[in-house]
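Coordinate-derived values only; no laboratory data. As the structure is a prediction and not an experimental result, all values here were calculated from the model. Methodologically, a virtual Cβ is constructed for each residue, glycine included, from the backbone with ideal geometry; neighbour enumeration extends over all protein chains shown.
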């Protein structure tokens, strides 16, 4: 994954599951969520049902996003970790990573 970059057009808070599901669209075929425990959520002041990490799956790639505190500023914000192609070793690594995520919406490849 790439060095994270701030996501300018997302809320300055965790997403709800409904907001995350709304990311499903013409290009996004599946929305994958990580269900973190309370210790991780406490660091960004998130409730149990708030979305703080997700992967958007397209036909050709994965994009990972995380709501995290900036090491420099301390304020939490959405970070985009870039595009990871589904082909090759990187794609295989991401597929293994997604085994610990749950599918919130859509039809992931291979399901």
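When Rg and the Kirkwood radius Rh are both evaluated on Cα atoms of segment 5-106, their ratio Rg/Rh stands at 0.95.
FRET efficiency for the pair residue 29 and residue 5, taken as 1/(1 + (r/R0)^6) with r the Cβ-Cβ distance and R0 = 22 Å, rounds to 0.45.
Each Cα pair under 8 Å and six or more residues apart adds its sequence gap; the mean of these over the residue count of segment 5-106 is a relative contact order of 33 percent.
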